[in-house]
Amino acid sequence: MRRLPGVLIVEDEPAIAELISVNLRHNGFRPIWAMDSTSAQAELDNTLPDVILLDWMLPGESGLALARRWRAHPRTKAIPIIMLTARGDEVDRVAGLDAGADDYIAKPFSTKELLARMRAVLRRRAPERDAGVVTLGELSLDAATYRVTYQGQLLKLGPTEFKLLHYLMSHAERVHSRSQLLDKVWGDHVFIEERTVDVHVKRLREALGEAGQLVETVRGAGYRLTAQTVLAKPA
């Protein structure tokens, strides 16, 4: 029997949760509802879903706080999170992405759009599975163990930044437009804006520390990972 993808819906409004659940069941998903942070954590402790639909505004602990906590935990850090929010401003969308969300959808939303975004994050969960080690100078990425090191020091990267770095390292010295990165790293038919790439590139540079200089912005074209940048050596 084919396993149905599990979807954890963290939403405190029963009517919205039920509407989402009904549509998910009709489209081949297995919905699980949690109305607050406590019940959501209990569900995650029991079984890991394939994707999480997380409401921004929840009683008690907020959706942003939950996203940060789940992204920081090894057991849940790779689960795709779509933030459900009534906040449509860019600053709020960026805050959701910075908290670890893979995508966001503003209320009210159509069922078709929600399903398309869910399928997109599931497709791009592992867009290019390669168990090998990729190196660029003193920067090394091991896809099998999910480790990134620079000058022998272990670096901490979020799931999206890891995928982005893996792709850039696998295609070093090439210039990639934002739309190309969306297709190759996030997946085709993605519904997020190209500026999302800029947010994750910024986060990647910060996570890489001194090695962040290897990620170059090519004005009017996109981004490139290059070994040509000369990094300052500590005295």
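The values are calculated or read from the model by the stated rules, or taken from the named source; none is laboratory data. This structure is a prediction, so every number in the text was calculated from the model and none was measured. So basically every Cβ, Gly included, is an ideal-geometry build from the backbone, and we count neighbours across all protein chains shown.
Assorted remarks:
- Filter result for GLU90 (at pLDDT below 85, under 24 Å from LEU48 (Cβ atoms) and out of contact with any strand residue (DSSP E or B) (no Cβ under 9 Å at 6 or more places or on another chain)): no
- On the stretch given as region 42-61, residues that are in contact with a helix residue (DSSP H, G or I) (Cβ under 8 Å, 6 or more places away or on another chain) and surrounded by 16 or more Cβ atoms within 10 Å (Cβ to Cβ) total 10.
- Flag for LEU19 being assigned by TED's automatic domain parsing to the domain that holds ARG117, within 21 Å of GLY158 (Cα to Cα) and out of contact with any Ser or Thr (no Cβ under 6 Å at 6 or more places or on another chain): no
- Scanning region 1-42 for residues being assigned to a loop (DSSP other than H, G, I, E, B) and aromatic (Phe, Trp, Tyr) gives a total of 1.
- Filter pass, THR76 being modelled with pLDDT under 85, β-branched (Val, Ile, Thr) and under 30 Å from GLU43 (Cα atoms): no
- Residue check, ARG30 outside the structural domain of VAL199 (by TED's automatic domain parsing), basic (Lys, Arg) and surrounded by fewer than 17 Cβ atoms within 10 Å (Cβ to Cβ): yes
- Among the numbered conditions (1) in contact with a Ser or Thr (Cβ under 6 Å, 6 or more places away or on another chain); (2) within 27 Å of LYS202 (Cβ to Cβ), the only one that GLY60 does not meet is (2).
- Which numbered condition LEU24 fails, given (1) more than 27 Å from LEU157 (Cα to Cα); (2) of a type in the set (A, V, I, L, M, F, W, C); (3) surrounded by fewer than 20 Cβ atoms within 10 Å (Cβ to Cβ): (3)
- Of all residues making up region 193-219, the number that are more than 14 Å from the chain's Cα centre (by Cα), under 24 Å from ASP103 (Cβ atoms) and surrounded by 16 or more Cβ atoms within 10 Å (Cβ to Cβ): 4
- Any hit, region 26-35, residues being among the aromatic types (Phe, Trp, Tyr), more than 16 Å from ARG119 (Cβ to Cβ) and touching a residue at least 12 places away in the same chain (Cβ under 8 Å): yes
- Residue among GLY96, GLY132, GLY137, GLY100 that is modelled with pLDDT under 75 and either surrounded by 13 or more Cβ atoms within 10 Å (Cβ to Cβ) or not aromatic (Phe, Trp, Tyr) (or both): GLY96
Residue-by-condition table, conditions (1) assigned to a loop (DSSP other than H, G, I, E, B); (2) modelled with pLDDT of 95 or more; (3) touching a strand residue (DSSP E or B) at 6+ places or on another chain (Cβ under 7 Å):
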position: SER179; (1), (2), (3): no, no, no
position: ASP183; (1), (2), (3): no, no, no
position: HIS189; (1), (2), (3): yes, no, no
position: ILE192; (1), (2), (3): yes, no, yes
position: VAL197; (1), (2), (3): no, no, no
position: HIS200; (1), (2), (3): no, no, no
position: ARG203; (1), (2), (3): no, no, no
position: ALA211; (1), (2), (3): no, no, yes
position: GLY220; (1), (2), (3): yes, no, no
